[in-house]
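To start, the structure under review is shown below, and the notes come after it.
Bear in mind that the values in this text are calculations on the coordinates, not laboratory data. Just so we're clear, the structure is a prediction, and the values are computed from it rather than from any experiment. Note that each Cβ is placed from the backbone with ideal geometry, even for glycine, and that neighbours are counted across all protein chains shown.
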Amino acid sequence: MKAITKHYIDGAFVESHGQQVMESINPANQQVLGSVTLGDKEDARRAIAAAKRAFQTYSRTTKKDRSEILRRLYDKTSARIVDITDAMVTEYGGVSQFASLIVQTGVGAFREAEEALQDVKLERKWDNTTVLLEPVGVAGLITAWNANALFVCLKTASALAAGCTVVIKPSEMSSLQTQVLLDCVHQAGLPKGIFNVVNGLGDTVGAELVRNPDVNKISFTGSAAVGEQIMRDGAATMKRVTLELGGKSPNILLDDADFSKAIPMALGAAFLNSGQACAAGTRLLVPNSRFDEVKRTIVEAVRAFTVGDPADPKTAVGPMVSKKQYERVQSYIRKGIEEGAEVLIGGEGHPSGLELGNFVRPTVFVRVSNDMTIAQEEIFGPVLSVIGYDTVDEAISIANDSKYGLHAFVSGADLQRARRVARQILAGRVVINGMRDDPQAPWGGFKHSGIGREYGAFGIEAFLEPRAILE
């Protein structure tokens with residue numbers, strides 16, 4: 001077992017002032033993997049002070065200087081992709097194929113930020129006016145447990161590219177993953193104080209970042225409820241914020257879609273990261289004229305989604321991150337049944353033979369109306385709601401009838417028609433005919449899915465503040 005007792009502050013591993021200890025537990029079998037000593041406000045304040053000191057120098061660095069730092073971070077983290085992935089599989093229960101993809105995307109964020117930085121004009125002139133885009137200051141980065149390594153790398157890459165210094169509060173449930181990343185960062189030999197990490201709880205370390213006047217920006221990934229609290233508490237010191245929050249992503253299958261391809265993709269989108277993904281396509285909108293066909297195809301296609309050991313490459317759905325999350329998902333399955341939805345696949349309880357871990361039966365509800373709880377609230381587990389529609393306009397209306405607006409999918413043979421539908425969905429990203437990513441495209445949501453954007457030049461600009469000089 002590994003005991004993590006130190007934070008990373010001012011270029012060094014330092015013993016925690018806070019003394020609370022939390023165990024790290026393998027969600028697949030409940031075995032204790034290690035422990036982490038959680039920091040307190042004093043640890044957070046030390047890290048903030050180090051970042052503030054370092055900002056005075058780092059904020060004046062050039063694009064060339066920052067690019068060199070990003071390259072060093074990429075080189076060191078890319079050499080440890082397997083180690084970071086193994087930690088994610090063991091500690092979080094992420095299935096190996098998805099965990100590997102997530103870690104590679106996170107590590108790649110350093111290279112992507114270096115490329116995007118070249119396209120960001122830090123000085124713009126016209127007539128007798130000069131506009132300078134300058135780093136906003138010390139950035140507090142708060143990450144979530146469902147893809148901690150990705151969020152740490154992505155936010156750090158954008159902030160450092162902009163010339164900000166950072167204090168990171170990673171998910172306390174991801175301490176083993178974070179430790180591997182910290183070893184990489186330390187080996188990269190960054191200037192002291194530009195990168196600091198304090199393991200701790202949101203209501204202590206996270207709260208200090210949000211309230212401390214020496215932190216100028218918060219970038220947070222997590223729940224909408226916490227995002228709202230950050231906005232309220234950060235307002236007292238006029239914090240700039242980027243909030244990437246929840247989702248209830250619609251997936252519209254148009255009546256000309258090839259269901260033999262679209263439905264397996266839809267299940268993949270719904271069960272993405274074992275359903276513990278804000279982008280998961282958990283509302284499947286299908287034409288009523290083909291509803292029976294949809295049900296048959298789902299029953300056939302779901303057989304490919306094996307539940308089990310997340311380290312097995314054949315596994316598609318792993319355990320929930322904790323017992324608390326397992327019980328949360330169970331409560332939503334019960335709620336769906338109580339409200340009259342029909343269980344097509346799955347239901348309550350553990351899959352047979354997997355009672356020891358936090359495993360959920362992948363569940364598909366049909367005959368769901370969009371006003372049901374399971375269609376409106378983010379469950380964060382492998383639960384899909386299938387909703388029928390009669391017209392395309394009705395499908396668009398149902399898709400937009402949500403407080404969220406992070407991600408969406410559209411499938412159809414007529415590409416021009418699919419594009420017209422995609423343009424009418426209120427979501428930060430809409431993917432047509434498949435599942436794909438673009439690391440330079442903006443990522444973020446409408447409505448309760450958040451404020452601001454990450455990735456590429458958009459993510460870097462979120463850490464910049466314009467200053468106009470008129471002659």
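Things worth noting here:
- Within segment 24-44, backbone nitrogen closer than 16 Å to the virtual label 7 Å beyond the Cα of Glu15 toward Cβ: 37-40, 43
- Taking 7 Å steps out from each Cα toward its Cβ at Asp437 and Arg290 produces label points 2.9 nm apart.
- Highest mean first, the peptides 153-166, 321-334 sorted by other C-beta atoms within 10 Å per residue fall in the order 153-166, 321-334.
- Once divided by 2.2 N^0.38 Å, the Cα radius of gyration of segment 198-308 becomes 1.54.
- Tail fraction, Cα-Cα pairs, the chain, threshold 30 Å, whole percent: 46 percent
- Alpha-carbon centroids, segment 230-267 and segment 121-176: separation in whole Å: 21 Å
- Each peptide in 25-34, 131-140, 51-60, 274-283 was scored by the mean count of other Cβ atoms within 10 Å over its residues; highest first, the order is 274-283, 131-140, 51-60, 25-34.
- Cβ crowding within 10 Å ranks Met320, Met173 as Met173, Met320, fewest other Cβ atoms first.
- Its Cα gyration tensor gives segment 5-121 an equivalent ellipsoid, and the semi-axes of that ellipsoid, as √(5λ) in whole Å with the largest first, are 30, 24, 10.
- Cα-based reach from Lys447 at 19 Å (exclusive), listing lysines while leaving out same-chain residues under 8 positions away: Lys248, Lys403
- Its Cα centre serving as origin, the chain has a Cβ charge dipole (Lys and Arg +1, Asp and Glu -1) of approximately 900 debye.
- Bins of 5 Å from zero: percent of alpha-carbon pairs in segment 402-466: 4, 17, 22, 22, 18, 10, 4, 2, 0
- Rounded to 5, the percent of DSSP beta bridges in the chain classed as antiparallel: 45 percent
- Summed side-chain charge close to Ile460 - residues other than Ile460 whose Cβ falls under 13 Å, Lys, Arg +1, Asp, Glu -1: -2
- Residues listed by number, segment 122-138, amide nitrogen under 18 Å from Ala468 label point at 7 Å toward C-beta: 122-134
- Applying 1/(1 + (r/R0)^6) with R0 = 22 Å to the Cβ-Cβ distance of Arg328 and Asp390 gives a FRET efficiency near 0.10.
- Ranking Leu209, Val82, Val410 by how far each Cα lies toward the positive end of the dipole of the chain (charges on Cβ) leaves Leu209 at the top.
- Whole-Hz couplings from phi, Karplus 6.51/-1.76/1.60, listed for segment 201-210; x for Gly and Pro: 7, x, 7, 10, 5, x, 5, 5, 4, 5
- Nitroxide proxy distance, nm - points 7 Å out along Cα→Cβ at Arg303 and Leu33: 3.4 nm
- Cα convex hull volume per residue for segment 250-441 (Å³): 117 Å³
- For the pair Glu42 and Lys314, a Förster radius of 60 Å applied to the C-beta separation gives a FRET efficiency near 0.80, rounded to the nearest 0.05.
- Projecting label points 7 angstrom from Cα along Cα→Cβ for Arg419 and Arg124 puts them 2.7 nm apart.
- Across segment 57-174, the volume of the C-alpha convex hull divided among the residues equals 104 Å³ per residue.
- Cα point-scatterer Debye curve for segment 250-335, base-10 log of I(q)/I(0) at q = 0.12, 0.16, 0.25 Å⁻¹: -0.41, -0.71, -1.28
- Helical mean residue ellipticity (222 nm; -39500 (n - 2.57) per DSSP H run of 4+; nearest 500) of the chain: -12000 deg cm²/dmol
- Computed over segment 141-270, the P(r) curve from all C-alpha pair distances, binned at 10 Å from the origin, holds 11, 37, 26, 14, 9, 2 percent per bin.
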